[in-house]
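Asker: Here it is, the structure in full.
The values are calculated or read from the model by the stated rules, or taken from the named source; none is laboratory data. On a predicted model such as this, the values are computed, not experimentally measured, just so you know. Neighbour counts are summed over all protein chains in view; Cβ atoms, including those assigned to glycine, are modelled from backbone coordinates with ideal geometry. Quick note on the areas: whole protein, heavy atoms, side chains included, nothing else; ligands and nucleic acids left out. Shrake-Rupley method; radii C 1.70, N 1.55, O 1.52, S 1.80 Å.
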Amino acid sequence: MSLLCCCDDLGQSRLLGAPRCLRGPGAGGQKLLPKSRPCDPPGPTPSAPGAPSSPAAAAPAPRLPAANHSGSARLGTKRLPQALIVGVKKGGTRAVLEFIRVHPDVRALGTEPHFFDRNYGRGLDWYRSLMPRTLESQITLEKTPSYFVTQEAPRRIFNMSRDTKLIVVVRNPVTRAISDYTQTLSKKPDIPTFEGLSFRNRTLGQVDVSWNAIRIGMYVLHLESWLRYFPLAQIHFVSGERLITDPAGEMGRVQDFLGIKRFITDKHFYFNKTKGFPCLRKTESSLLPRCLGKSKGRTHVQIDPEVIDQLREFYRPYNIKFYETVGQDFRWE
């Protein structure tokens, strides 16, 4: 008596009798189970990382790589990120993301998922489903700059993994605030002036810390929330200014922090005089050089120098405390 074994879409065999699989056309020239795949050879195989365990007694067969829309194989597994670019807005986070994506050992999500601030209720399975597929040797990374100023984000990230590596891109807080305002103004031309939003009473020098563009730049206050959950050694600070003047040097330190070889070097960059920002040179996989979008390197709104001086004085004690905490002098004074 002969028994049959057929394979489901994951390549796992289901015993219908003796271990013999359907192959090719059946009797009468008709194909049996045309969507079936050949059964995998017997033997124990470890489950894919992060995949739910099968209730079946037999060990699952190896998982076949799914095909993407272009027809090429998608290798790897969707994993929760091991590293996050958590901030700060208008500091240079998009540049760091685009630069680090050149590295073959890094796969990064191109969009901002806002999981740990806006979408936490969707759950980790939803978050994982957004991630690119990675090999065991690759790092999964995403960036959402608003995490840095979200009070719940450090605890939520810690609960995902206490080993998560965190990257924070910081910039002179006055310049950052002006850049933030310039971006908002391009979308909402009728907003009040930068000076009007920055001060509750300019004559008395009372800065309005409730305005988000001002509050984000008080870096040391936000950092305190992160240090309750993560040691300083797990947080790497990128200088937004040095990212422009020495992108290879800054990215070299990012690669060291992530524990990957220094693949991204001077040969990957050229300075675009029009944008006033470094761009990526064309590579074997890209026919054209890659610069950041038109919203990056945008000309800032002109601000009264006295307003800038007042804000510099306001930020000075916060900056000094930040330097002391992280052990770096960013020279914003």
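Asker: Hey, got a sec? Which GluC sites (Glu not before Pro) in segment 142-247 land in a DSSP loop and have at most 16 other Cβ atoms within 10 Å? Each step should come with its number before you reach the end.
Answerer: Working: sites: Glu142, Glu152, Glu195, Glu224, Glu241; in loops: Glu152.
The qualifying sites are Glu152.
Asker: Determine the order of Ile214, Ile260 by accessible area, beginning with the largest, at a probe radius of 1.4 Å. Could the numbers behind the result be given before it?
Answerer: Working: Ile214 0, Ile260 25 Å².
Highest to lowest solvent-accessible surface, that is Ile260, Ile214.
Asker: Given the Cα-Cα distance of Ala233 and Glu195 and 0.36 nm per residue of separation, how much length would full extension add, in nm?
Answerer: Working: separation 38, 0.36 × 38 = 13.68 nm, distance 3.77 nm.
Stretched fully, the Ala233-Glu195 segment lengthens by 9.9 nm.
Asker: Now for a different question. Are any of the pairs Lys89/Lys143; Lys143/Lys188; Lys165/Lys321 more than 21 Å apart by Cα-Cα distance, and if so, which? Walk me through the intermediate numbers first.
Answerer: Numbers: Lys89/Lys143 10 Å; Lys143/Lys188 25 Å; Lys165/Lys321 23 Å.
From Lys89/Lys143; Lys143/Lys188; Lys165/Lys321, over 21 Å: Lys143/Lys188; Lys165/Lys321.
Asker: Just check segment 154-276 against the gyration tensor rule for me: Cα atoms, a ≥ b ≥ c as the square roots of the eigenvalues, rounded for a/c under 1.5, and otherwise prolate or oblate depending on whether a/b exceeds b/c. Walk me through the numbers on the way to the answer.
Answerer: Values: a/c = 2.65, a/b = 1.34, b/c = 1.98.
Here segment 154-276 falls in the oblate category.
Asker: Given the Cα atoms of segment 190-235, and with Rh set as the inverse mean 1/r over their pairs in the Kirkwood sense, what is Rg to Rh to two decimals? All intermediate terms of the calculation are to be shown ahead of the outcome.
Answerer: Numbers: Rg = 14.9 Å, Rh = 12.5 Å.
Checking Rg against Rh, the ratio lands at 1.19.
Asker: Would you work out which of Gly196, Phe158, Ser179 lies farthest towards the positive end of the dipole of segment 128-213? Charges go on Cβ: Lys and Arg +1, Asp and Glu -1.
Answerer: Among Gly196, Phe158, Ser179, the one farthest towards the positive end of the dipole of segment 128-213 is Phe158.
Asker: Further question: Separation between the Tyr120 and Asn159 pseudo-spin-labels, each 7 Å from Cα along Cα→Cβ, expressed in nm?
Answerer: Output for this residue pair reads 0.6 nm.
Asker: Which of the aspartates and glutamates could be linked to Lys78 by a straight reach, that is with a Cα gap under 12 Å, when you skip same-chain ones fewer than 8 residues away?
Answerer: Once the sequence-local aspartates and glutamates are set aside, what remains near Lys78 is Asp125, Glu136.
Asker: Next up: Among the aspartates and glutamates, which fall within straight-line cross-link reach of Lys90, defined as a Cα-Cα distance under 16 Å, with same-chain neighbours fewer than 8 residues apart omitted?
Answerer: Glu98, Glu112, Asp180, Glu241
Asker: Nothing charged except the Cβ atoms of Lys and Arg (+1) and of Asp and Glu (-1): what's the magnitude of the dipole of segment 80-155 about its Cα centre? Round to the nearest 20 debye.
Answerer: Numbers: 11 positive and 8 negative charges, 39 e Å.
So the dipole magnitude of segment 80-155 works out to roughly 180 debye.
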